[in-house]
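Below is one structure, written out as structure tokens; comments come after it.
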Amino acid sequence: MPIERIKTGIPGLDEILHGGIPKRNIVLVSGGPGTGKSIMAQQYLYYGLTMGEPGILVTLEEHPVQVRINMAQFGWDVRKYEERGLFAMVDAFTGGIGEAAKRERYVVRDPTDVGNLIDIIKEAIRDVGAVRGVIDSVSTLYLTRPSLARSIIMQIKRVLSGLGVTSLLISQVSVTERGFGGPGVEHGVDGIIRLDLDELGGELKRSLIVWKMRGTSHSMRRHPFEITSKGIIIYPNKVLKITRYGVFEERA
């Protein structure tokens, strides 16, 4: 029986994933600052909206107004989809404080209350009939409680996957860290996409590698990508190779 997949719509990524993300998978998008994690997730959501697939975005680290502005800079205007009931922004950042926050429909009053957060996420998913979801970022939920990281991820996974939502969870790591952002987190998700930003010959180079993806084969190589005015473009026919000296060499 063929695998049901969700196309990411990100140039190059579906090729690397051999057709897209298996439906209901919960994928951790991990990386340091400036690697393009949020852009990738927003691009994934917006592509779905253009294909008639409703979505939700849970924002834990940035004001919803600023998120909409950031997306609009790439030509991803989500407001029209919100008005049509196809997209929901879950505000888990402001705590309902401020005039702009009062205009948000889905507000988590206490983001540290995971039970309340999940209840609001459920409501938003059901209201719009979400097929795609993004949480940016899950690291915020267990930053001060690292021992609970896997437990929190599993709670979120049960809800998202159980309601049929194929989701990207953003995970923050430090510049030098090569992990995925929390003890045991990598075991609680179905897939891991790691984004990196490294220096090569005095120039910063972006690269991506799929560490795992349940339900499908995928490229095992590290691929370069760029962030353009229209979003992320990945080059599946190029590889960045790490040498024992820590130098990156690009080859076709």
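The values are calculated or read from the model by the stated rules, or taken from the named source; none is laboratory data. These numbers were taken from a predicted model, which means no experiment stands behind them. Every residue, glycine among them, receives a Cβ derived from its backbone with ideal geometry; neighbour counts consider all protein chains shown. These accessible areas exclude ligands, DNA and RNA; they are computed on the full protein's heavy atoms, side chains included. Shrake-Rupley method; radii C 1.70, N 1.55, O 1.52, S 1.80 Å.
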Of those in region 1-49 that are in contact with a helix residue (DSSP H, G or I) (Cβ under 9 Å, 6 or more places away or on another chain), hydroxyl-bearing (Ser, Thr, Tyr) and outside any loop (DSSP other than H, G, I, E, B), the residue nearest to Gly191 (Cα to Cα) is Ser30
The condition of being open to solvent by less than 20 Å² (accessible area, probe 1.4 Å), at pLDDT 85 or above and under 18 Å from the mean Cα position of the chain (by Cα) holds, among Ile192, Ile233, Ile209, Ile227, only for Ile192
Within region 149-160, the residues that are open to solvent by 10 Å² or more (accessible area, probe 1.4 Å) and either aliphatic (A, V, I, L, M) or free of Cβ contacts under 8 Å to residues at least 60 places away in the same chain (or both) are Arg150, Ser151, Met154, Gln155, Arg158, Val159
When His218 is run through (1) open to solvent by less than 20 Å² (accessible area, probe 1.4 Å); (2) modelled with pLDDT of 90 or more; (3) not charged (D, E, K, R), the failure sits at (1)
How many residues of region 50-81 are surrounded by fewer than 21 Cβ atoms within 10 Å (Cβ to Cβ) and touching a Gly at 6+ places or on another chain (Cβ under 6 Å)? The answer is 1
Restricting region 108-148 to residues that are open to solvent by less than 60 Å² (accessible area, probe 1.4 Å) and polar (S, T, N, Q), the one modelled with the highest pLDDT turns out to be Asn116
Residues in region 91-126 that are polar (S, T, N, Q) and assigned to a helix (DSSP H, G or I) total 1
With criteria (1) over 28 Å from Lys7 (Cβ atoms); (2) at pLDDT 95 or above, Leu163 comes up short on (1)
Screening Gly96, Gly48 for residues that are more than 21 Å from Ile10 (Cα to Cα) and small (Gly, Ala, Ser) leaves only Gly96
Flagged pairs (Cβ under 9 angstrom, 6 or more apart or on separate chains; first in region 23-44, under 22 Å from Gln155 (Cβ atoms); second of a type in the set (Asp, Glu) and part of a helix (DSSP H, G or I)) are Leu28/Glu186; Ser30/Glu186
Taking the stated definitions as given, is Val58 at pLDDT 95 or above, of a type outside the set (Lys, Arg), assigned to a strand (DSSP E or B) and in contact with a Ser or Thr (Cβ under 8 Å, 6 or more places away or on another chain)? no
Somewhere in region 170-184, is a residue at pLDDT 95 or above and of a type in the set (D, E, K, R)? no
